[in-house]
Amino acid sequence: MDDGHNRPVSRELTNLRPALKFLLPYRRQVLWASIALVVTAGVTLSIGQGMRIVIDEGLSNGSSDILVQSISLFALLMVVLTIGTFVRFYFVSWVGERVSADIRQAVFAHLIRLHPGFFEDNQPTEIQSRITTDTTLLQTVIGSSVSIALRNILMFFGGLVLLFVTNPKLSLIVIACVPFVVAPVVLFGRRVRNLSRTSQDTLAEVGNQAGESLRNIKIVQSFNHEAQDITGFEGRVDVAFRVAVKRIRQRSFLIALVMLLVLGAIATMLWVGGQDVLSGATSPGELAAFIFYAFMVAGSVGAISEVYSDLQRAAGATERLVELLNAPSELVERQVPESLSGAPQGMAHLAFSKVNFAYPGRPDVHVLQDVSFQVARGEMVALVGPSGAGKSTLFDLMQRFYDPTNGAVLLEGIDLRELSLSDVRAQIGFVPQDPALFAGTLYSNLTYGAPDATDQAVNEALALAHASEFVEQLPEGLQTQVGEGGVGLSGGQKQRLAIARALLAKPEILLLDEATSALDAQSEAHIRDSVHELKGRSSILVIAHRLSTVRQADRILVLAEGRVQGQGSHDQLMATSELYARFARIQFASEEARVLQARTVG
């Protein structure tokens with residue numbers, strides 16, 4: 001998915017066709033709207049014939065009865081027109097809102113299941129703009145513009161037929177003027193369409209910058225970057241404004257030109273028709289009816305030219321939404337996945353078998369190379385190594401956010417690709433280094449992965465993560481509202497809540513990505529005790545940079561340059577692995593000094 005600026009802009013309204021499938025479930029509402037549309041158009045067209053009868057038979061002949069009958073019929077038609085307009089507007093607007101909501105849901109339901117790599121290549125803020133802005137535009141078009149277009153098409157053709165019925169000679173003037181009206185619509189319509197797509201893209205960029213700055217408000221303010229952000233935002237807003245002005249200028253010129261040509265044609269018809277009335281070739285009623293239909297046809301052309309621009313914008317919006325709906329997931333699931341309940345006995349709980357991996361965006365950079373190891377049920381394994389060694393990538397592969405380039409990741413002896421994604425992830429609890437909390441209550445965050453958890457289970461998870469004390473001190477306890485990202489909580493509090501959330505789901509495998517990095521010494525000790533209690537219940541893999549965590553593990557895997565360079569206990573690796581010993585001396589020196597000092601004081 002590109003930013004839209006370098007892509008060819010679609011020149012066809014057929015891009016709206018994918019949106020039609022969302023109309024199919026609401027055929028009944030569309031039928032009612034269509035019936036009302038035809039009725040209101042028919043009533044409006046009949047007004048011209050009523051005018052002819054009133055003028056020629058009621059006024060010219062001085063017949064009071066015919067005048068009363070005509071006015072009564074006119075009143076009846078107005079009642080029908082009012083009811084029909086209500087029905088049309090209600091059902092068309094209802095369908096527009098419903099289809100817009102369905103498209104939003106369909107896009108979100110598709111995106112939420114895509115592989116995480118998709119969101120590395122495509123900015124979430126731009127995607128958010130598409131889901132909101134583009135679907136709102138579609139709602140406006142389906143709920144209003146399409147109805148206006150169809151109504152005016154009916155009025156155009158119906159008025160054209162009645163023009164010929166009323167006065168064939170004058171109608172030929174109308175036909176001769178049509179090419180002069182249609183030509184600018186086609187010519188300027190292309191320019192408006194191109195500018196419409198560019199306008200939507202520039203608006204998305206405005207939203208991207210605003211969202212990025214506001215999400216990282218503390219960084220922005222800590223670096224006194226407000227002025228630069230305001231300047232940059234003003235620049236993007238100004239670009240969007242200039243593009244919008246270009247589009248408005250082209251559209252305004254198009255509408256004005258069409259109206260000028262139409263009114264010029266009407267003036268010509270009035271002159272010719274007036275001559276016919278004076279000569280007796282045409283009655284005043286026929287001329288009045290003809291003028292009525294001429295204005296109606298002209299108004300329909302003008303309205304269609306305006307709506308055409310909206311339809312072009314909607315075509316661009318639909319194209320952008322269809323891109324999201326058709327975005328493929330690189331994680332293909334089997335139609336009939338294997339079941340973990342049928343896994344062979346005696347197999348390693350988790351195993352990597354000759355795994356190679358490169359991220360899709362960097363296929364030439366091998367993050368993991370020939371990685372093989374096993375984790376027994378209930379075993380705690382620490383992963384250590386320098387930044388970029390591939391530790392976090394291992395966690396991504398375990399949760400099947402990506403598939404190995406070569407080799408396999410096995411759960412109970414079964415390749416993860418043979419299992420359903422939901423089964424794989426149901427086995428795993430993950431605590432990231434930077435814990436993600438969602439806007440809502442603490443309770444909703446804790447039960448995120450276990451919505452049916454009991455209050456007792458929640459309290460046990462909090463106690464195990466040593467989060468009970470600070471939660472109880474909050475004014476509203478578990479019902480305390482937290483902002484997006486856990487605003488209002490300290491780093492240590494967020495991390496303990498993230499641990500409790502993972503524990504509440506009772507995972508078979510617990511992944512801790514340096515989960516104690518934001519904790520003070522006392523909280524870290526509590527978490528270390530909790531992890532110790534979990535040993536044997538779950539298989540635990542922890543990315544560790546602290547000696548205390550490393551010593552707690554049953555086994556240590558040393559990673560460097562995407563390979564497993566050694567494994568064993570701390571003491572074994574200090575004796576057998578020069579890489580680990582060097583890493584340990586650098587990484588753990590200050591911590592060992594503190595431990596020795598504490599022992600000496602003791």
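Some observations on this one:
- Entirely in the range 384-486, the helices (runs of 4 or more DSSP H) that have 2 or more residues that are among the small types (Gly, Ala, Ser): 421-426, 455-464
- Condition check for GLU338: among the acidic types (Asp, Glu), farther than 22 Å from LEU419 by Cα and in contact (Cβ under 8 Å) with a residue 60 or more places away in the chain: no
- So ASP134, is it among the charged types (D, E, K, R), modelled with pLDDT under 70 and in the same structural domain as ALA298 (by TED's automatic domain parsing): no
- Of all residues making up the range 10-29, the number that are surrounded by 15 or more Cβ atoms within 10 Å (Cβ to Cβ) and either assigned to a loop (DSSP other than H, G, I, E, B) or at pLDDT 80 or above (or both): 5
- Residue in the range 477-496 that is over 28 Å from the mean Cα position of the chain (by Cα), closer than 24 Å to PHE395 by Cβ and charged (D, E, K, R) present: yes
- Yes/no for GLU460 being among the acidic types (Asp, Glu), surrounded by 14 or more Cβ atoms within 10 Å (Cβ to Cβ) and at pLDDT 85 or above: yes
- Consider the range 497-513 and keep the residues that are surrounded by fewer than 21 Cβ atoms within 10 Å (Cβ to Cβ) and among the charged types (D, E, K, R). The one that is nearest to the chain's Cα centre (by Cα) is ASP513.
- None of GLY562, GLY566 is at pLDDT 85 or above and touching a Phe, Trp or Tyr at 6+ places or on another chain (Cβ under 7 Å) except GLY566.
- Criterion applied to SER420, SER444 was being surrounded by fewer than 18 Cβ atoms within 10 Å (Cβ to Cβ), within 26 Å of the chain's Cα centre (by Cα), in the same structural domain as GLN552 (by TED's automatic domain parsing) and over 30 Å from ALA560 (Cβ atoms), and the one residue passing it is SER420.
- Of the residues making up the range 260-282, those that are surrounded by fewer than 16 Cβ atoms within 10 Å (Cβ to Cβ) and part of a loop (DSSP other than H, G, I, E, B) are GLY280, ALA281.
- The residues listed here are ALA408, ALA389; of these, the one that is surrounded by 20 or more Cβ atoms within 10 Å (Cβ to Cβ) and under 36 Å from the mean Cα position of the chain (by Cα) is ALA389.
Matching residues to (1) aromatic (Phe, Trp, Tyr); (2) closer than 30 Å to PRO475 by Cβ; (3) touching a His at 6+ places or on another chain (Cβ under 9 Å):
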residue: GLY388; (1), (2), (3): no, no, no
residue: SER392; (1), (2), (3): no, no, no
residue: VAL409; (1), (2), (3): no, no, no
residue: ILE428; (1), (2), (3): no, no, no
residue: PRO432; (1), (2), (3): no, yes, no
residue: PRO435; (1), (2), (3): no, yes, no
residue: TYR448; (1), (2), (3): yes, yes, no
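- For the range 218-230, the candidate set comprises residues that are assigned to a helix (DSSP H, G or I) and at pLDDT below 75; within that set, the residue that is farthest from the chain's Cα centre (by Cα) is SER222.
Residue by residue, here is whether (1) small (Gly, Ala, Ser); (2) surrounded by 16 or more Cβ atoms within 10 Å (Cβ to Cβ) holds:
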{"position": "SER213", "(1), (2)": "yes, yes"}
{"position": "GLN228", "(1), (2)": "no, no"}
{"position": "GLY235", "(1), (2)": "yes, no"}
{"position": "ILE248", "(1), (2)": "no, no"}
{"position": "ALA256", "(1), (2)": "yes, no"}
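- Residues satisfying the stated conditions in the range 556-570, i.e. more than 43 Å from the chain's Cα centre (by Cα) and in contact (Cβ under 8 Å) with a residue 40 or more places away in the chain: GLN567
- Comparison of VAL206, VAL165, VAL186 shows that the only residue that is surrounded by fewer than 21 Cβ atoms within 10 Å (Cβ to Cβ) and modelled with pLDDT of 80 or more is VAL165.
The values are calculated or read from the model by the stated rules, or taken from the named source; none is laboratory data. The shown structure was predicted, so the numbers you read here are calculated from the model rather than taken from an experiment. Cβ coordinates were reconstructed from backbone atoms using ideal geometry, including for glycine residues, and neighbour counts include every protein chain displayed.
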